[in-house]
Every structure is written in C-alpha cells, then in structure tokens.
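A.B. asks: Can you read through this structure? Questions will come right after.
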Amino acid sequence: MHEYSIAYDLYATAKKAALDHNAMQVKKIRVDVGKMAMVNPEQVIFLFDTIKEDDPLFTAAILDCTEIEPETKCPCGYEGNEIYVCPRCGGLPSVVRGREIVVTNVEIEVADSP
C-alpha cells in the first residue's frame, strides 16, 4: 500500500513548510496527482486524514488532490495524450507529464506581526 507512504510524505512536507514559516495552523495542501502515478487520490486523502489526526497544527487541514491528465511526446513530432500507440507513426510515445505527485501549495495561518 504505497498510498500510505505518499500520504505521510505529503504530511511531512506540509509540516516542514508550516514549521519553517511559524504557522499556527495548516489550512489546505494542494497536490497534483498524475493519472499515470497509479495512486488512488481518495485513499491518499483518507490516510492523510488519519495521519494528521493527532497533530494540533493540522486540525483544520484539507488535502486537495487534482488529477492531472497524461501528456505524451513521440520522436515523430506527435504531442498529445495517447499513452500506448502514437496515432501518427504507431510508435511508443514517451510520457512527459502525468506520472508525478507534486505539492503545489500549502496554505497556512500565521500570527499577525506587531
């Protein structure tokens, strides 16, 4: 179950960002999840919610996963979303986007400065 390690890594990344910026609360973590990453976003969200349960910094935190469509490129010049067979030449296109899991934003609440 690699979703657990992904959920934990997202939690750890957000926690480090929050602590580095003296956050009082983590509000939202936005993540792009490529459809080719072979990850179930609902499971990641469920596991993230379980991991953050005992951390007061994350009481209101929401994990927002956006699925990213695959993008491919072929040496013949084709660019699109065909992942198995190039519609132009019949070759195997390379996946250039859609396998990644990327934290795009961590929304935090900080104390007002005097």
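A.B. asks: Select from region 6-38 the residues that are of a type in the set (Val, Ile, Thr) and crowded, with 19+ Cβ neighbours inside 10 Å and list them in ascending order.
C.D. replies: Selection gives ILE6, VAL26, ILE29, VAL31, VAL33.
This table checks each residue for (1) at pLDDT 95 or above; (2) hydroxyl-bearing (Ser, Thr, Tyr).
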residue	(1), (2)
ALA23	no, no
VAL26	yes, no
ALA37	no, no
PHE46	yes, no
THR50	yes, yes
ILE62	yes, no
GLY98	no, no
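A.B. asks: Among the residues of region 60-114, which ones are assigned to a strand (DSSP E or B) and in contact with a helix residue (DSSP H, G or I) (Cβ under 7 Å, 6 or more places away or on another chain)?
C.D. replies: Within region 60-114, LEU63, CYS65, GLU67, ILE68, VAL95, ILE101, VAL103, VAL106, ILE108 qualify.
A.B. asks: Against the definition (surrounded by fewer than 17 Cβ atoms within 10 Å (Cβ to Cβ) and hydroxyl-bearing (Ser, Thr, Tyr)), how does THR59 come out, yes or no?
C.D. replies: Criteria met by THR59.
A.B. asks: So which residues in region 46-92 are among the charged types (D, E, K, R), in contact with a Pro (Cβ under 7 Å, 6 or more places away or on another chain) and closer than 26 Å to TYR11 by Cβ?
C.D. replies: Result: GLU67, single match.
The values are calculated or read from the model by the stated rules, or taken from the named source; none is laboratory data. Just so it is clear, the structure is predicted and the values come from calculations on it, not from any experiment. Counting neighbours? That spans all protein chains shown, and the Cβs are built from the backbone with ideal geometry, glycine included.
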